[in-house]
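The values are calculated or read from the model by the stated rules, or taken from the named source; none is laboratory data. Remember, it's a predicted structure, so these values are computed and weren't measured experimentally. Virtual Cβ from ideal backbone geometry, glycine too; neighbours counted across all protein chains shown.
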Amino acid sequence: MTMDVRGFVPSRFKIVRSIGGGATGDVYEAIDRERDARVALKALRNLQAHAVTRFKREFRALQDVDHPNLVAMNELIEERGELFLTMEMVDGVDFLTWVVADPARLRPALIELCRGLGALHARGKIHRDVKPSNVLVTAEGRVVVLDFGLLADAEQGDTWTGQAIVGTPQYMAPEQAAGQPPGPAADWYAVGVMLFEVLTGRLPYEGPLMKILLDKQRDEPPDPEGLAPGAPPDLLALCRSLLRFDPDQRPTGGAILRRLGRAPTGRPVPAAATSLSMTQSAPFVGRDAELAVLADALAACSAHDRPEAVLIEGSSGVGKTTLMRAFSRGLDDGVAVLSGRCYERESVSYKAFDGVLEDVARLLSRLEPADAAAMLPLHAAQLAQVFPALKRVKAFADAPPSRGAPVDSRELRDRVFGALRELLIRLARGRRIVLALDDLQWADEDSLALLAELLRPPEAPPLLLAATMRPPADGHAAAAQRIREVCPQVRTIALGPLDDAAARELAQLLVAVHGLTGAVDLDLLSREAAGHPLLLDELVRHAADAGAAPGAALRLEDAVAARVDALEPEARRLAELVAFAGHPLYQETLARAADVAPERVGRLVSALRLANLVRTGGARAALTVEPSHDRVRAAIAARLASDTHAELHRVLAVAIEGSPQPGQEAIL
């Protein structure tokens, strides 16, 4: 059967059927030929600035969280100037259809919905568009939250929408309808509307959209009991609580779960959603010498009117990002921090600079219109064509197109590079600039070429590049090499474990966060972790989960064992194979060895990565998986019964021999 596809679709995908579509794009069920996996493929057809930003946000929102009640994102792809993302293919019906068909389904479905949103909130993120059509339920009863295009950070909000009203009015909380920054309580209000709709068969506020928005500001919702007198009293009471006007009076996620008869059970994949080591609020201690290197480099930018670069190299979980954030937070108002991050599972151009140009646009939007217009570089319109975030600034939106005959792709690229260089030079005249790039080892070639042009003398913008990356020894030398080729002023921070005093201080902070003060020996704790922040976090959370008795010995092996035991069987099998191999394995090889379906292995590996058991490298079909730390590998391998070694070796050998990728023979 020939599928009628609107617009271009990358050739690696075979379209099976259309799932849905609208003004901004289309969603298809597809087969990823590279991975032989069934996926949902979402194509963006509206390339306006706000649509591009929301599309990328939808993908990136879930890169640091894994939960069975949140849809799993696979890849963000750019091809022929169009954007696509792939995600887990969820076969199901919307929340309302599912629970109305059988009232007994309501309570279990609410529990799963609350767990999914709770995992999102634990990451400091607000969905802002919770409604039945954005919640699917599979035939097995698994609830899956979708569509994260309106997601916002709880601490920062959405600085672009400002007082604008975003979301679906019928499910919007009163504060959201008033244009105020929403918190987690806004998502819980939407859950209350969904519960009201299930219990009563109608929405609490009806009529034209503007009337709904106004009514939410002045009128209490109707009592659901009057419309559904036979409904369970506890659900009626919960519905009333969720629909309270004051967000502070609504129950939290944990309170909702307790009222539904289930205490919050923690993590389906342990700690993936709540690990302090992966949140922006992770405690920061020590690192005085490293902060001094960064401060000296920034001072040198101003003193010598030239760019400086500091490369922060270190293993996964050692605190690279935490160090860079601590440095950025300590800067005064005269410094503009332009932040970007390279995501591993993205195949898009200039991915290191997406966040940077968002920050540039925010900075320009705060200037007087005349001052913003004075910043416009030559070829501003073409710069905004490549980085649509700039079109949110009126001066860029109104910038006339470049005159003359059309140019080829090489000349267009040169113009864009020159325009950004000129823009940063002008911005630097009134402030110091820090270009903070995270995970630069995943940078694409276009990002590295642009970065090299910004740093290339003479008369380069006097900015500080602070970039985090994995060590060159891990096979990630390309980015550092490109920077050193064009910027003579490069300093390297080889970030290792914390010293004894700092490790003890971090242990004390983590122990206090988990309510374990006095229950564990801080010196023993910091020594067991050998100063590694991630391992220290693992030990403390294990102590909290296990209810460690005062003075009890804490061993990393026990923490890892508890983590592995809590995994679902397929994920546990993958972790054991990775530990037994002791070398990086291609993800597809790992899937074959574990006999896991290709469409499932990505989610399972993501869960292991976010549980701090493995780390990944490469991209697409060449993605590799290896233990996150040698002590984690040893702890898992030590649990494997000796009589299983032969079978593990056999399945690995068969999978490797059948692999199209070379370089794994050493494992045999």
| request: For residues that are touching a Pro at 6+ places or on another chain (Cβ under 8 Å), farther than 27 Å from ARG609 by Cα and assigned to a helix (DSSP H, G or I), scanning just the stretch 31-64, find the one that is modelled with the lowest pLDDT. | output: ALA49
| message | If SER339 satisfies all but one of (1) surrounded by fewer than 20 Cβ atoms within 10 Å (Cβ to Cβ); (2) modelled with pLDDT under 95; (3) among the small types (Gly, Ala, Ser), what's the number of the condition it fails? | response | (2)
| message | Can you find, within the stretch 142-167, the residue that is surrounded by the most Cβ atoms within 10 Å (Cβ to Cβ) among those that are closer than 21 Å to PHE55 by Cα and at pLDDT 90 or above? | response | VAL145
| message | Quick check on the stretch 102-113. Is at least one of its residues under 24 Å from the mean Cα position of the chain (by Cα) and either under 30 Å from VAL52 (Cβ atoms) or touching a residue at least 60 places away in the same chain (Cβ under 8 Å) (or both)? | response | yes
| field | Enumeration of residues in the stretch 484-508 that are small (Gly, Ala, Ser) and closer than 12 Å to LEU311 by Cβ | value | ALA494
| message | Need pairs with beta-carbon distance below 9 Å; first residue on the phi > 0 side of the Ramachandran plot and within the stretch 511-540, second not in a helix (DSSP H, G or I); sequence gap 6+ or separate chains. | response | GLY518/PRO550; ALA530/PRO497; GLY531/GLY496; GLY531/PRO497; GLY531/LEU498; GLY531/ASP499
| query | Of all residues in the stretch 213-257 being aliphatic (A, V, I, L, M) and over 22 Å from PHE95 (Cα atoms), which is farthest from the chain's Cα centre (by Cα)? | reply | LEU214
| field | the stretch 562-586 - residue that is among the charged types (D, E, K, R) and not in a loop (DSSP other than H, G, I, E, B) and, of those, nearest to ALA543 (Cα to Cα) | value | ARG563
| Does GLU346 satisfy the criteria of being closer than 21 Å to LEU454 by Cβ, in contact with a strand residue (DSSP E or B) (Cβ under 6 Å, 6 or more places away or on another chain), at pLDDT below 95 and surrounded by 15 or more Cβ atoms within 10 Å (Cβ to Cβ)? | yes
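Condition check ((1) surrounded by fewer than 14 Cβ atoms within 10 Å (Cβ to Cβ); (2) over 20 Å from the mean Cα position of the chain (by Cα); (3) at pLDDT 90 or above) across all residues:
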| residue | (1), (2), (3) |
| --- | --- |
| GLU588 | no, yes, no |
| ALA593 | no, yes, yes |
| PRO598 | no, yes, no |
| THR616 | no, no, no |
| PRO627 | no, yes, yes |
| ILE636 | no, yes, yes |
| ARG650 | yes, yes, yes |
| PRO660 | yes, yes, no |
| query | Residue check: is ARG421 at pLDDT 95 or above and assigned to a helix (DSSP H, G or I)? | reply | yes
| request: State whether the residues of the stretch 294-311 include one that is among the aliphatic types (A, V, I, L, M), over 22 Å from LEU495 (Cα atoms) and surrounded by 17 or more Cβ atoms within 10 Å (Cβ to Cβ). | output: no
| request: Only one of these is under 30 Å from ALA303 (Cβ atoms) and either in a helix (DSSP H, G or I) or not assigned by TED's automatic domain parsing to the domain that holds ALA480 (or both): LEU412, LEU376, LEU364, LEU437. Name it. | output: LEU364
| With ALA231, ALA255 as the choices, which residue is surrounded by 14 or more Cβ atoms within 10 Å (Cβ to Cβ), in contact with a Ser or Thr (Cβ under 9 Å, 6 or more places away or on another chain), free of Cβ contacts under 8 Å to residues at least 60 places away in the same chain and not in a helix (DSSP H, G or I)? | ALA231
| message | Considering only the stretch 27-42, I want to know if a residue exists there that is over 22 Å from GLY602 (Cα atoms), in contact (Cβ under 8 Å) with a residue 12 or more places away in the chain and out of contact with any strand residue (DSSP E or B) (no Cβ under 7 Å at 6 or more places or on another chain). | response | no
| request: Starting from the stretch 429-457, keep only residues that are under 24 Å from GLY314 (Cβ atoms), then list their pairs with residues that are polar (S, T, N, Q) and not in a helix (DSSP H, G or I) whose Cβ atoms are within a distance under 6 Å, requiring at least 6 positions of separation or different chains. | output: ALA436/SER339; ASP438/THR468
| From GLU79, GLU58, GLU75, residue being in contact with a Ser or Thr (Cβ under 6 Å, 6 or more places away or on another chain) and closer than 19 Å to SER349 by Cβ | GLU75
| message | Give me the residue from the stretch 379-404 that is of a type in the set (D, E, K, R) and in a loop (DSSP other than H, G, I, E, B) and, out of that set, modelled with the highest pLDDT. | response | ASP398
| task | Can you give me the ranges of the strands (runs of 3 or more DSSP E) entirely in the stretch 65-162 with at least 2 residues that are in the same structural domain as ALA185 (by TED's automatic domain parsing), among the basic types (Lys, Arg) and farther than 20 Å from GLY21 by Cα? | result | none
